[in-house]
1. Search the range 1-13 for residues that are at negative phi and loosely packed, with under 13 Cβ neighbours inside 10 Å and pair each with any residue that is in a strand (DSSP E or B) and not hydrophobic (A, V, I, L, M, F, W, C) when their beta-carbon atoms are under 8 Å apart and the residues are at least 6 apart or on different chains.
2. Considering only residues of the range 8-36 that are under 24 Å from SER48 (Cβ atoms) and of a type in the set (A, V, I, L, M, F, W, C), which is nearest to the chain's Cα centre (by Cα)?
3. So is MET50 at pLDDT below 65, assigned to a helix (DSSP H, G or I) and surrounded by 12 or more Cβ atoms within 10 Å (Cβ to Cβ) or not?
Amino acid sequence: MELELYGVDDKFYSKLDQEDALLGSYPVDDGCRIHVSQISSLATGLVSAMMSHWGKMMAGNKNSHSGVCVCVCV
């Protein structure tokens, strides 16, 4: 699975390829998106579970806004 970070204007910022790095160590701003590609069927289930968890977490925290969009391409 490959993760890439894009800015608001769809400009490529960086590959998210350091497995031990936190998201905050990359140049993430409001409106950025994370593009997920080359994903296996196992990873599809993991990404789906992650997005479900993230959605529940954001729904419970209505005063917060992350500004990050995750796009999954299979």
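The values are calculated or read from the model by the stated rules, or taken from the named source; none is laboratory data. In this text, all values refer to a predicted model and were calculated from it rather than measured experimentally. Methodologically, a virtual Cβ is constructed for each residue, glycine included, from the backbone with ideal geometry; neighbour enumeration extends over all protein chains shown.
1. Qualifying pairs under 8 Å: GLU2/LYS15; GLU2/SER37; PHE12/GLU4; PHE12/TYR6.
2. The qualifying residue nearest to the chain's Cα centre (by Cα) is ILE34.
3. no
Let's see how each residue does on (1) at pLDDT below 85; (2) acidic (Asp, Glu); (3) in contact with a helix residue (DSSP H, G or I) (Cβ under 8 Å, 6 or more places away or on another chain):
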{"residue": "GLY7", "(1), (2), (3)": "no, no, no"}
{"residue": "ASP10", "(1), (2), (3)": "no, yes, no"}
{"residue": "LYS15", "(1), (2), (3)": "no, no, no"}
{"residue": "GLU19", "(1), (2), (3)": "yes, yes, no"}
{"residue": "LEU23", "(1), (2), (3)": "yes, no, no"}
{"residue": "ARG33", "(1), (2), (3)": "no, no, no"}
{"residue": "VAL36", "(1), (2), (3)": "yes, no, yes"}
{"residue": "ILE39", "(1), (2), (3)": "yes, no, yes"}
{"residue": "LEU42", "(1), (2), (3)": "yes, no, no"}
